[in-house]
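**Student:** Structure below; questions to follow.
We did not get these values from a lab; they are worked out from the coordinates using the rules stated. These numbers were taken from a predicted model, which means no experiment stands behind them. Quick reminder, even Gly has a Cβ in these numbers, built from the backbone with ideal geometry, and neighbours come from all protein chains shown.
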């Protein structure tokens, strides 16, 4: 079984401030981990993914995430928030390349000018 | 990059009618596509896994006779909401993986907003 917990359904940051969105996972096998972003009335766009190898993963739009096995975490960060980063962010886990993907409940990021 | 096209983006229908939603992978082949439903301020709920050339696999609690899924080719899956009712109003999103890339992530369509009146 696998699951994802995203702490904080809403996060507000000031423009230019650090963005930190938290994600903890549970998986009985080495996980594949993903972060997706969703803008209003649109589908999801992949920000970054971790499968194997380097634990610090860089994605699009300046985002990165670090896989920490000991903490079962995969937090998403960005050094400096832009107004265009305001969206809903979903963390997801799967147990392998062709396996089912389980999503967290999402975190809505608000960027304050 | 991999593109998934979902159509229509919005549909309004009357209660009792059926609605078909199409999901196409434009530049890759997908033996498996996934259909999700998203409720307001909620996460994505996996409804079913669509398998090319065979029957779809439905998640627990999803009515297979109400949500008909057909995956007739490696690039097209359809979801038909039969005898729609207002409680079926929701945002439906499809996704697909590249069949020839083991580590391929899910690629999502832009969703379909269904409103049943």
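**Student:** What translational diffusion coefficient, in µm²/s and rounded to a whole number, does the Stokes-Einstein relation yield for region B:1-97 at 25 °C and a viscosity of 0.890 mPa s, taking the hydrodynamic radius as the Kirkwood radius over Cα pairs? It would help to have the intermediate numbers written out before the result.
**Tutor:** Values: Rh = 13.6 Å.
It comes out at roughly 180 µm²/s.
**Student:** Continuing with this model, one more query. So what is the diffusion coefficient of chain A in µm² per second by Stokes-Einstein at 20 °C and 1.002 mPa s, using a Kirkwood Rh over Cα pairs?
**Tutor:** Details: Rh = 14.0 Å.
Here the translational diffusion coefficient equals 153 µm²/s.
**Student:** Could you tell me the relative contact order of region A:1-108? Use alpha-carbon pairs under 8 Å, at least six residues apart, and round to a whole percent.
**Tutor:** 37 percent
**Student:** In nm, to one decimal, how far is the residue B:68 label point from the residue B:26 one, both placed 7 Å along Cα→Cβ?
**Tutor:** 2.8 nm
**Student:** Starting from the Cα coordinates of the protein assembly as shown, work out the convex hull volume and express it per residue in Å³.
**Tutor:** It comes to 121 Å³ per residue, whole-number rounded.
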